[in-house]
Amino acid sequence: MSNANLQEKRLIWQKIDLYLEEFYPQSKQAGQDLKSADLEMAQIRGLENLVVCARRFSEIYNYIKNQAGKENKVALKWRQVAQRLLDQLEVMENKGIELGGEDPAMILETKLRLARGWIKQVVSQYMFLKVAPEL
Amino acid sequence: MAQDQEMEEYEQIKKLLQTEGFILFLDKDLRTFAENCVQDVLKEGKVKKSQLHSIPAIVQAGGMEKLLELAKHQSEKQTRENNKKFWHYLKKILNPPDNCNFQTLSSLSLNFMRFNGINLPDPEDFTEKKEKKAVKKNNKQLIRYFVDSALPVFCEHFTCHYYYLVKEGQ
């Protein structure tokens, strides 16, 4: 459990929200990539669920790497998007470490909150493009 | 007295394994180490992916002991040079020789324990050969106790990073 008090946490959560706002154009690009790679909704939901349920940030990295590393047709699609997703996750992780301070619990929570905010943005863009591809 | 000391050290490590600090260690330090290991392996040449398939199940079933058995067996049995080199490498980082000068899973774990205030006794502080040997053996067991908890995640990081870098046809 984090040692940060509620006020400190709220301050960090605000910073997370602000950062996600700034990052939004890049998240949109990742969503675009997922659409362009022709990944199916099931794949996207799989990623989203994983991010939401992950207890460790690295579970997310490993999921993407595993999907891209398989030897099947779907892996070919994952390979088109994997590097961008991993790069963006790395940005989220570094930001989480920066905002989380010295407290390991706070760092873990912050990283995961950033990842969950990020994946919502990415998936939203993917779904929007799926129904309105001309936009 | 020595037994009490041992129990206390086990308890300290057990507590450490339940902290968020340990999860962060698994998340970042261990992952970075595993990724570096993959790079080291690839410098020597690609290993057939099938060589890695058995690792998670072996670790699940029998931890470090079984994985080392597998590594020893495979390093002797394999005829393909790259596969042999891989298993030798794995043996090296999992069960390093004394006074080795490269990073291993044990040295990474030891540094993390020290960072969290768990300082294992230095065998060099003991003059009696028998005592020195006993301290070395005890330290090895304590580190093994810690590593057994980190090992499944290390293997996950390693295999996922390896599969990602060595894509089909590449």
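The values are calculated or read from the model by the stated rules, or taken from the named source; none is laboratory data. Nothing here was measured: the structure is a model prediction, and the numbers come from that model. Backbone-built Cβ (ideal geometry, glycine too); neighbour counts: all protein chains shown. Areas reflect the complete protein model, heavy atoms only, side chains present, ligands, DNA and RNA absent. Shrake-Rupley method; radii C 1.70, N 1.55, O 1.52, S 1.80 Å.
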Volume per residue that the Cα convex hull of the stretch B:77-170 spans, once the total is divided by residue count, Å³
142 Å³
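Express the relative contact order of chain B as a whole percentage, based on alpha carbon pairs under 8 Å and six or more residues apart in sequence. Don't skip to the answer; put the middle values down first.
Numbers: 120 pairs, mean separation 58.0, N = 170.
Computed value for chain B: 34 percent relative contact order.
Take the Cβ-Cβ distance between B:Asp4 and B:Arg144 as r, set R0 to 22 Å, and report the resulting FRET efficiency rounded to the nearest 0.05.
Numbers: r = 20 Å, r/R0 = 0.92.
Plugging the Cβ-Cβ distance into 1/(1 + (r/R0)^6) gives 0.60.
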Once both axes come from the Cα atoms, what is the angle between helix A:41-53 and the longest principal axis of chain A, in degrees from 0 to 90, rounded to 10?
10 degrees
Could you compute how much accessible surface A:Ser124 exposes when probed at 1.4 Å, giving the result in Å² to the nearest 10?
70 Å²
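Taking both sides together, what accessible area is buried at the A/B interface, probe 1.4 Å, expressed in Å² and rounded to the nearest 100? All intermediate terms of the calculation are to be shown ahead of the outcome.
Values: alone 7960 and 10680 Å², together 16680 Å².
The contact between B and A buries close to 2000 Å².
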Taking Cα atoms, how many degrees apart are the long axis of helix B:2-16 and the longest axis of chain B, rounded to 10 and kept between 0 and 90?
50 degrees
Listed here are the pairs A:Lys70/A:Lys120; A:Lys111/B:Lys28; A:Lys9/B:Lys15; which of them are more than 18 Å apart at the Cα?
A:Lys70/A:Lys120; A:Lys9/B:Lys15
Please find the FRET efficiency linking B:Asn82 to B:Asp125, where r is the Cβ-Cβ separation and R0 is fixed at 51 Å, and quote it to the nearest 0.05.
0.75
Suppose we compare each residue of the stretch A:94-113 in its chain alone and in the full protein complex with a 1.4 Å probe; which ones drop by at least 30 Å² of accessible area?
A:Pro104, A:Leu108
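Evaluate peptide B:20-33: per residue, the Cβ atoms of other protein chains within 10 Å of its Cβ; return the mean as an integer. Walk me through the numbers on the way to the answer.
Working: counts 9, 5, 1, 8, 10, 1, 5, 12, 8, 0, 1, 6, 1, 0.
Taking all residues of B:20-33 together, the mean is 5.
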Near-label residues of the stretch A:28-44 by backbone N, under 12 Å of a point 7 Å along Cα→Cβ of A:Phe128:
A:28-32
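What's the average, rounded to a whole number, of partner chain beta-carbon atoms within 10 Å of each residue's beta-carbon in A:62-71? Spell out each step's value before the answer.
On the way: counts 11, 1, 2, 8, 6, 3, 5, 11, 5, 5.
Mean shielding by partner chains, rounded to a whole number: 6.
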Range of Cα positions in the stretch B:1-131 per principal axis (Å), largest first
51, 38, 29
Could you check the spin-label model distance between A:Asn72 and B:Glu44? Points 7 Å from the Cα along Cα→Cβ, value in nm.
3.2 nm
